[in-house]
Amino acid sequence: MIVTYALIFAFAAVSLSLLLTMIRLVKGPRSGDRILALDTLSINAVALIILVGIAGATQIYFEAAIIIAMLGFVSTVAVARFVLRGDIIE
Amino acid sequence: MATRFVQRLFPHPLLSVALVIIWQLLANEPSINSLVFGAILGVLLPFATAAYWPNRPQVTRPWMLIPYGLVVAWDIITANITVALIVLFKPNRNIRSAWVNVPLDIRTPEAITALAGTITLTPGTVSVDLSDEGHALLVHALHTDDPEAVARKIKHRYERRLKEIFE
Amino acid sequence: MSHGILDIAIAAALVIGGLFTLVGSIGLLKLEAPMARLHAPTKASTLGVGSILLASVLYAYASGAPSYHELLIIAFLFMTAPVSAYFIGKVHIHLGQNRKPLPKPARDRLWATEAKREEDTPSVPEMKADA
């Protein structure tokens, strides 16, 4: 019972933080902030997927979570490198 | 002769161990199958990639990593509460951010990487840049009145321990 | 399900995780200086997700099908968070977004990002023209 309430709270908190991150992503003002918002967005997406996994009592979503975590990191570094050097692989 | 052969076969022993553990976790149920396959990967991958990674990282006192990890874990938890309080309850105009200049005594790339990562994960500081010759670290502090004290704390609390571990 | 100590631990991990994730995003939205903004998501969000993953491990253990692979994601996130923060900080410096001037490095001439920019100044206008 207590876990169900905590789960609902966590769902609400993570969804709200996704929304707030989205506002920062739209607002900018410059590319550094947008990259940061994208990074946070992918981390929050991992949290949301894990929460869905807990709610459904299943392990199926684990692979999705780890792939989003990896892609989030790689894309953050790729975009940052592009802004820094105008090139990704030298 | 024999030691050279073992070194050729296991160019990065720590990486091999890490690969076996990671494969175990990925398989997610302890079985002889996954252990054997993990061991095969642990031998094969470092051997195949050794040509791209010639230097072996030096860890002179690996057992010292455990107290260091505990100190860092404790700092991560307390740091997060501090940062959360600053973010939630301090008005923006009262937040005094500052650049902190940390001169480095450690030389090896592994030690500097570990220090930079630790700084980013702990109390209100993010490591941002290294000087062009690698003798100083640029750190941004979210809220501090005394940048010198922050630099002293980083040197005393983390760099001293990392120097013992890596050099 | 009884209110065992495990249930309380799972609920606590979930609530703490949700709170820290929220704090990270609030900080991202609220703080003013671009460099200050870097602090909240890198630390708070990472710990929040770590806590939620821990809740997932505990929950799997409580429901009788132990699973530990969430620990992999925790380790991965804690190793990559400083790297992303470092890169984003470099982007801020490169774009000249910091309000306060950088201090001089303690023992060297320049910071690496500035040295790189100095080195390839000719290529920078070219890049701007593309974008």
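Of the accessible area of the stretch A:21-65, with the probe set at 1.4 angstrom, what percent is carbon plus sulfur?
On the way: 1300 of 1830 Å².
Ligands and nucleic acids excluded, carbon and sulfur reach 71 percent.
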- Message: Quick check: net charge around C:V49, other residues with Cβ under 13 Å of its Cβ, Lys/Arg +1 and Asp/Glu -1?
- Response: -1
- Which listed residue (C:L58, B:L142, C:P41) has the Cα farthest towards the positive end of the charge dipole for the protein assembly as shown, taking +1 on Lys and Arg C-beta and -1 on Asp and Glu C-beta about the Cα centre? B:L142
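Show B:H140, B:H135 ordered by accessible area, largest first, where the area counts protein heavy atoms only and the probe is 1.4 Å.
Numbers: B:H140 10, B:H135 60 Å².
Reading off the accessible areas and sorting them downward yields B:H135, B:H140.
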- Taking the dipole of the protein assembly as shown about the Cα centre (Lys, Arg +1; Asp, Glu -1; charges at Cβ), the one of B:S131, A:Y61, C:A85 that reaches farthest to the positive side is B:S131
- Note on the structure: For the pair C and A, the solvent-accessible area buried on both sides (1.4 Å probe; DNA, RNA and ligands excluded), in Å² to the nearest hundred, is 4500 Å²
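Please work out how much length the chain gains when fully extended from B:L14 to B:R96, using 0.36 nm per residue of separation minus the C-alpha to C-alpha distance, in nm with one decimal. Working shown, then result.
Values: separation 82, 0.36 × 82 = 29.52 nm, distance 4.22 nm.
My answer for the length gained is 25.3 nm.
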- Query: How large is the dipole of the stretch A:2-85 about the Cα centre if only Lys and Arg carry +1 and Asp and Glu carry -1, each at its Cβ, rounded to the nearest 20 debye?
  - Reply: 400 debye
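Taking all protein chains together and a probe of 1.4 Å, list C:W111, B:W99, B:W53, B:W74 from the most accessible to the least accessible.
Working: C:W111 0, B:W99 30, B:W53 110, B:W74 160 Å².
Correct descending sequence by accessible area is B:W74, B:W53, B:W99, C:W111.
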- Message: Rounded to the nearest 10 Å², what accessible area does C:L19 have for a 1.4 Å probe in the complete protein model?
- Response: 80 Å²
- Task: Could you point to the residue in A:I2, A:M22, A:A45 farthest towards the positive end of chain A's charge dipole, with +1 and -1 charges on the Cβ of Lys/Arg and Asp/Glu respectively?
- Result: A:M22
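With a 1.4 Å probe on protein heavy atoms only, work out how much accessible surface B and C bury together, total over both chains, in Å² to the nearest 100.
On the way: alone 11390 and 9800 Å², together 17480 Å².
Answer for the B-C pair: about 3700 Å² buried.
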- Message: Give me the extension gain from B:T49 to B:V6: residue separation times 0.36 nm, minus the current Cα-Cα distance, reported in nm with one decimal.
- Response: 13.9 nm
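For chain B, what is the convex hull (Cα atoms) projected area averaged across all directions, in square nanometres?
Details: hull surface 53.1 nm².
Reported value for the Cα convex hull: 13.3 nm².
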- Item | Cβ-placed point charges (K, R +1; D, E -1), dipole of the stretch B:3-143 about Cα centre in debye, nearest 20 | 80 debye
- Task: Rounding to the nearest 20 debye, state how big the charge dipole of the protein assembly as shown is about its Cα centre with +1 on each Lys and Arg Cβ and -1 on each Asp and Glu Cβ.
- Result: 720 debye
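Counting each DSSP H run of 4 or more residues in chain B as -39500 (n - 2.57), what helix-only mean residue ellipticity at 222 nm follows after dividing by all residues, to the nearest 500 deg cm²/dmol? Please report the intermediate quantities before stating the final value.
Details: 7 runs with 94 residues, N = 167.
Per the formula, -18000 deg cm²/dmol.
The values are calculated or read from the model by the stated rules, or taken from the named source; none is laboratory data. Values in this document were obtained by computation on a predicted structure and should not be read as measured data. Every residue, glycine as well, gets a Cβ built from its backbone with ideal geometry; the counts of neighbours run over all protein chains shown. Remember, those area values only see protein heavy atoms, side chains included, never the ligands or the DNA or RNA. Shrake-Rupley method; radii C 1.70, N 1.55, O 1.52, S 1.80 Å.
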